[in-house]
1. What number results when the radius of gyration of the range A:43-291, computed over Cα atoms, is divided by 2.2 N^0.38 Å?
2. Taking Rh as the Kirkwood radius, which is the inverse of the mean 1/r over Cα pairs, what is the Rg/Rh value for the range B:82-202?
3. Seen from all sides and averaged, what is the projected area of the convex hull of the Cα atoms in the range B:37-123, in nm²?
4. Taking N as the number of residues in the protein assembly as shown, what is its Cα Rg relative to 2.2 N^0.38 Å?
5. P(r) tail for the range B:7-214, what percent of Cα pairs lie past 30 Å?
6. Sticking to Cα atoms, compute the Rg of the range A:207-296 to one decimal and its Dmax as the biggest Cα-Cα distance, whole number, in Å.
7. Provide the percentage of antiparallel DSSP beta bridges, counting only those with both residues in the protein assembly as shown; round to the nearest 5.
8. Percent relative contact order of the range B:7-214, based on C-alpha pairs within less than 8 angstrom and at least six residues apart?
């Protein structure tokens with residue numbers, strides 16, 4: 001039995017001090033939870049977002065706090081996903097799209113002159129509505145894809161460590177450790193989404209953006225992802241867009257409500273505050289009407 | 001999109017509020033009969049009040065279950081959630097007030113058909129009861145109208161009940177040496193105490209009005225820290 005146990009020694013243990021998160025924790029002055037590491041703060045100031053001449057989001061200012069889950073809620077077309085995509089410079093990938101205002105990550109302007117958008121996206125990872133693993137690529141390679149795409153030169157052992165750590169971080173390791181060479185497309189929907197989360201955290205981002213990460217999943221997979229989000233916040237700043245208000249209530253610490261006055265008008269941030277208060281005593285009637293399901 | 005979304009749910013919630021607050025009308029009826037039983041030493045009427053408490057308990061169970069179902073199926077939040085939480089408290093108070101009427105009515109047979117009643121003490125207890133009925137009506141109206149000032153005023157109204165209760169106590173102390181009369185006075189003190197608690201229940205309902213409106217719960221009066 002001892003031999004078997006030794007054989008099963010994890011890649012991380014073999015690497016010894018490979019895990020560098022404790023070093024970060026020890027030297028940083030940022031906020032950190034008991035089992036976590038300090039994450040970074042996003043500040044949006046006077047953010048206006050456009051698709052050509054159409055203004056999709058108007059004058060949004062919000063501080064997205066580290067090691068917390070911030071949920072963006074609001075009806076369709078209110079600009080919450082557009083705003084989310086502006087936080088890691090994905091909005092500008094749409095032809096004609098533009099950004100006015102300032103978004104900083106721990107004080108550094110992510111839209112500053114000379115800032116590489118690819119570097120921003122490495123620091124601020126994204127998980128999408130539909131699980132989108134590379135379907136024919138193996139589970140292992142799906143997770144390691146971030147290193148390959150970032151042309152990061154790391155050894156096989158380091159890669160093994162990172163893949164295992166990421167899969168463990170995404171609560172997927174136990175389910176896939178014996179079939180890492182099988183295609184990612186063969187996993188269930190919930191597993192695929194966790195694989196995408198593993199891929200996103202493999203490159204050690206500071207922030208995770210999630211655009212309706214559970215909308216394509218069944219309730220059991222949804223709750224598994226929500227539990228995972230709750231754990232991930234000890235290491236990352238998390239922003240989640242959701243249409244499911246119960247999910248916002250369950251999984252987030254802060255809720256930001258976006259709304260539009262009428263179709264064709266830009267979305268704006270109505271109210272942001274502790275989730276508990278938004279769902280028990282919101283300050284704005286508009287928020288009250290939305291969270292209570294009273295529209296029109 | 002419909003003019004008002006979730007119309008059925010909102011109607012159901014409004015109906016349940018009306019049913020819960022309607023429990024206060026049942027209590028008021030029970031208290032009226034209780035006072036009449038005290039005034040006329042009417043043991044049969046007292047027994048009727050005891051039996052009729054099942055209606056109040058039934059209202060409690062029925063509305064409580066329906067509110068739990070709404071919680072489970074409609075995921076109410078914000079004002080709706082506060083309203084449901086408050087109604088659960090109101091129901092508990094309604095049920096307790098019904099029980100206090102039963103407590104008074106169960107005391108009436110103990111003193112027999114022709115007890116050595118003290119007119120002044122009976123007068124005080126009836127005055128307490130009438131004032132408590134006023135409190136119950138005011139609590140219901142304050143809840144219906146979401147009127148925090150009216151709810152807060154219940155404290156002032158309840159002070160009248162408390163003072164009458166203290167007067168009862170003083171009168172009992174000075175009731176004299178006759179053993180039967182003293183026993184009757186002690187029994188009536190228990191009745192006065194039950195009515196006094198009913199007034200406190202009405203004040204508790206007022207506190208729930210403030211919670212529904214403001215989202216903050218605070219006791220209007222803190223018995224354990226009266227100086228605050």
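1. Working: Rg = 18.2 Å, N = 249, 2.2 N^0.38 = 17.9 Å.
Relative to the 2.2 N^0.38 Å estimate, the range A:43-291 comes out at 1.01.
2. Working: Rg = 16.2 Å, Rh = 15.3 Å.
When Rh is taken as the Kirkwood radius, the ratio is 1.05.
3. Working: hull surface 27.8 nm².
Its average projected convex-hull area is 6.9 nm².
4. Values: Rg = 32.6 Å, N = 524, 2.2 N^0.38 = 23.8 Å.
Against the empirical 2.2 N^0.38 Å value, I get 1.37 for the protein assembly as shown.
5. Tail of P(r) above 30 Å: 27 percent of Cα pairs.
6. Rg and Dmax of the range A:207-296, Cα atoms, are 13.8, 40 Å.
7. In the protein assembly as shown, approximately 55 percent of DSSP beta bridges are antiparallel ones.
8. On the way: 256 pairs, mean separation 58.9, N = 208.
Taking the mean separation of contacting Cα pairs over the length of the range B:7-214, I get 28 percent.
Every number here is computed from the coordinates shown, using simple stated rules; none is lab data. Keep in mind the model is a prediction, meaning the values are calculated, not measured.
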